[in-house]
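Student: Shown below is the structure under consideration.
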Amino acid sequence: TIVSGSLRGLVVLPTITTNTASLDFTAANFFTCSLANGVTTHVSASNYLPGQTINMLIVQGSAGTGKVSFPAAFKSGSLYTGSAVANAVDIVTFITFDTTNIYLSAIRNLK
């Protein structure tokens, strides 16, 4: 397939239930998540296949005290912790090469 010009995808808010943000990798390639102050938001993923790249914009709350956790399927060279600054913006990228692991990289504090 040859794509000429710009290509863009939907930006989706994940479903958050009992402090878990559920990312369905078939729904979109871009997600946004706002952290609640003083709450740890657990991120889970479903329907991921080899060769996917997913980006998630994480926005810290006004007090900068929200946290994020990931299950063991998410692998990272250095453990990601959200920027502990009021209204900070981080971008977390998830990359899959198989159906077992999700590799994570992050750019922090893009205020």
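To keep it simple, each residue is scored yes or no on (1) modelled with pLDDT of 95 or more; (2) more than 22 Å from residue 17 (Cα to Cα).
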site	(1), (2)
32	yes, no
46	yes, no
58	yes, no
69	no, no
73	no, no
78	no, yes
90	yes, no
95	yes, yes
109	no, yes
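Student: Tally the residues that are touching a strand residue (DSSP E or B) at 6+ places or on another chain (Cβ under 7 Å), open to solvent by 60 Å² or more (accessible area, probe 1.4 Å) and assigned to a loop (DSSP other than H, G, I, E, B), restricting the search to the range 11-65.
Tutor: Total satisfying the criteria: 7.
Student: Has the range 84-99 got at least one residue that is in contact with an Asp or Glu (Cβ under 9 Å, 6 or more places away or on another chain), among the aromatic types (Phe, Trp, Tyr) and touching a residue at least 24 places away in the same chain (Cβ under 8 Å)? Write out each step before concluding.
Tutor: In the first step, residues of the range 84-99 are kept if they are in contact with an Asp or Glu (Cβ under 9 Å, 6 or more places away or on another chain); the result is none.
Within the range 84-99, none of the residues are in contact with an Asp or Glu (Cβ under 9 Å, 6 or more places away or on another chain), among the aromatic types (Phe, Trp, Tyr) and touching a residue at least 24 places away in the same chain (Cβ under 8 Å).
Student: Can I ask one more? When you scan the range 85-111, how many residues do you find that are of a type outside the set (Val, Ile, Thr), open to solvent by less than 80 Å² (accessible area, probe 1.4 Å) and under 14 Å from the mean Cα position of the chain (by Cα)?
Tutor: Final tally of qualifying residues: 5.
Student: Can you pull out every residue in the range 66-84 that is over 14 Å from the mean Cα position of the chain (by Cα) and loosely packed, with under 14 Cβ neighbours inside 10 Å?
Tutor: 72, 77, 78
Student: In this structure, does residue 79 turn out to be aliphatic (A, V, I, L, M), free of Cβ contacts under 8 Å to residues at least 24 places away in the same chain, within 24 Å of residue 7 (Cα to Cα) and in a loop (DSSP other than H, G, I, E, B)? Please lay out each step first, then the result.
Tutor: Details: aliphatic (A, V, I, L, M): yes; free of Cβ contacts under 8 Å to residues at least 24 places away in the same chain: yes; within 24 Å of residue 7 (Cα to Cα): no; in a loop (DSSP other than H, G, I, E, B): yes.
When the stated conditions are applied, residue 79 does not pass them.
The values are calculated or read from the model by the stated rules, or taken from the named source; none is laboratory data. It should be emphasised that the depicted structure is a prediction, and the values quoted were computed from it without experimental measurement. So basically every Cβ, Gly included, is an ideal-geometry build from the backbone, and we count neighbours across all protein chains shown. Ligands, DNA and RNA are excluded from the accessible area calculation, which covers all protein heavy atoms including side chains. Shrake-Rupley method; radii C 1.70, N 1.55, O 1.52, S 1.80 Å.
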